[in-house]
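Take a look at the structure below.
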Amino acid sequence: MSKINLKDYEFEGKIDDDDYDKELKRLQFQLQIIQAAYMRQGLRGLITLEGWDASGKGGLIQRMTAETDPRFTKVWSIGAPSKDELAHHFLWRFWTRLPADREVAVFDRSWYGRVLVERVDELTPVKIWKQAYDEINDFEATQVNCGTRLVKLFLHTTQEEQDKRLRERLEVPYKRWKTGLDDYHNRSKRAEYLDAYDDMFDKCSPKHAPWVVIAANDKKYARIKGLQAVVDALGADVDTSYPEIAPELLAVAEAALGPLDLAPGKNGGKNGSGKNGGGKA
């Protein structure tokens, strides 16, 4: 696997508005189909997002979950651990939030805090955060080995783009809730975070749990790329063909409602056949 270099993702990915709207609609529908397969087959999905402050994680999560069933989608916003959580191993609070069968869990920030913020701000001894790379790899391998599909996304912006967004969060009144002193503290540590990210990609991106880096200087481009990565990972080798209607259900329904129009392609396009709807999303 080639080494991840964040400088390779410092470009202004572009997508025009018409293409964005079409792709967003297509990918959100694909996520609905994948979720239906997960609920029907008892599958589990785990999505984690990391990236710079103001890189667009929240906006991506919003589009990712907008059309899915909220009863089976759990979004966890991870901040500093509580006193009770600090009394346990650092992975404990993530074990308690893992998805059950039929669920997809989304983590806005994650267990990587041990080797990122705790490292950069010297909150954890060097020996402890260094051993966390192996602990994280074992934790993720355990999830994958028990059948959970894991997606790890990193949203990357340049310093210039981040500064533009931080300025906007102050100048646009309704966005002020999004920012605080932590943003500027973290901004001042960019060089240290770049080193931490480099080690994270190098030590925690095995074949079964790779990092997917998204160029996020353009928000719409990043959303489409992020959604496509989720669709590809969660939908891989999943049978998303539509289920047949049980004969007894069909008989009762038609007795109550009259004849049903069950023509192929109605309400959602061509019925997928085989894995992942008959092809790559």
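Readers should treat all values here as calculations from the given coordinates under stated rules, not as data from a laboratory. Given the structure is predicted, the values throughout are model-derived calculations rather than measurements. Counting neighbours? That spans all protein chains shown, and the Cβs are built from the backbone with ideal geometry, glycine included.
Residue selection: residue 234 satisfies the criterion of being under 15 Å from the mean Cα position of the chain (by Cα) and under 28 Å from residue 156 (Cβ atoms).
Per-residue answers, yes or no, for (1) among the charged types (D, E, K, R); (2) in contact with a strand residue (DSSP E or B) (Cβ under 7 Å, 6 or more places away or on another chain); (3) touching a residue at least 24 places away in the same chain (Cβ under 8 Å); (4) within 26 Å of residue 227 (Cβ to Cβ):
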residue	(1), (2), (3), (4)
96	no, no, no, no
103	yes, yes, yes, yes
106	no, yes, yes, yes
112	no, yes, yes, yes
123	no, no, no, no
127	yes, no, no, no
137	no, no, yes, no
151	no, yes, yes, yes
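Take the residues in region 237-259 that are charged (D, E, K, R) and not in a loop (DSSP other than H, G, I, E, B), then tell me which one is nearest to the chain's Cα centre (by Cα). Spell out how you get there, then give the answer.
Pass one, region 237-259, residues charged (D, E, K, R): 237, 239, 244, 248, 254.
Going one step further and asking which of them are not in a loop (DSSP other than H, G, I, E, B), we end up with 239, 248, 254.
Details: 239: 21, 248: 39, 254: 41 Å.
Only one residue fits best here, namely 239.
The set of residues from region 34-74 being buried (at least 17 other Cβ atoms within 10 Å of the Cβ) and either in a loop (DSSP other than H, G, I, E, B) or touching a Gly at 6+ places or on another chain (Cβ under 6 Å) (or both) comprises 34, 43, 44, 52, 53, 54, 55, 56, 57, 60, 68. Residues in region 6-33 that are surrounded by fewer than 18 Cβ atoms within 10 Å (Cβ to Cβ) and either aromatic (Phe, Trp, Tyr) or in contact with a Leu (Cβ under 6 Å, 6 or more places away or on another chain) (or both): 11, 20, 29.
Only one of the numbered conditions (1) surrounded by 16 or more Cβ atoms within 10 Å (Cβ to Cβ); (2) assigned to a loop (DSSP other than H, G, I, E, B); (3) among the charged types (D, E, K, R) is not met by residue 3, and that is (1). For region 197-230, the set of residues classified as in contact with a strand residue (DSSP E or B) (Cβ under 9 Å, 6 or more places away or on another chain) and not in a helix (DSSP H, G or I) consists of 204, 205, 208, 209, 210, 211, 212, 213, 214, 215, 216, 217, listed by residue number. In summary, residue 39 fulfils each of the numbered conditions (1) out of contact with any strand residue (DSSP E or B) (no Cβ under 6 Å at 6 or more places or on another chain); (2) under 23 Å from residue 184 (Cα atoms); (3) among the aliphatic types (A, V, I, L, M) with the single exception of condition (2). Residues of region 56-77 that are touching a helix residue (DSSP H, G or I) at 6+ places or on another chain (Cβ under 7 Å) and not charged (D, E, K, R): 56, 59, 60, 64, 66, 68, 72, 73, 75. For the list (1) aliphatic (A, V, I, L, M); (2) buried (at least 19 other Cβ atoms within 10 Å of the Cβ); (3) within 13 Å of the chain's Cα centre (by Cα), I need the number of the one condition that residue 215 fails. Exception for residue 215: condition (3). From the list 229, 216, 233, the lone residue that is of a type in the set (Gly, Ala, Ser) and touching a Ser or Thr at 6+ places or on another chain (Cβ under 9 Å) is 216.
How many residues are outside any loop (DSSP other than H, G, I, E, B) and more than 22 Å from residue 159 (Cα to Cα) if we restrict to region 6-21? Please lay out each step first, then the result.
First, pick out the residues of region 6-21 that are outside any loop (DSSP other than H, G, I, E, B): 6-9, 17-21.
Then keep just the ones that are more than 22 Å from residue 159 (Cα to Cα); that gives 17-21.
The total comes to 5.
So, residue 158, is that one over 16 Å from residue 204 (Cβ atoms) and surrounded by 15 or more Cβ atoms within 10 Å (Cβ to Cβ) or not? Judged against the criteria, residue 158 is a match.
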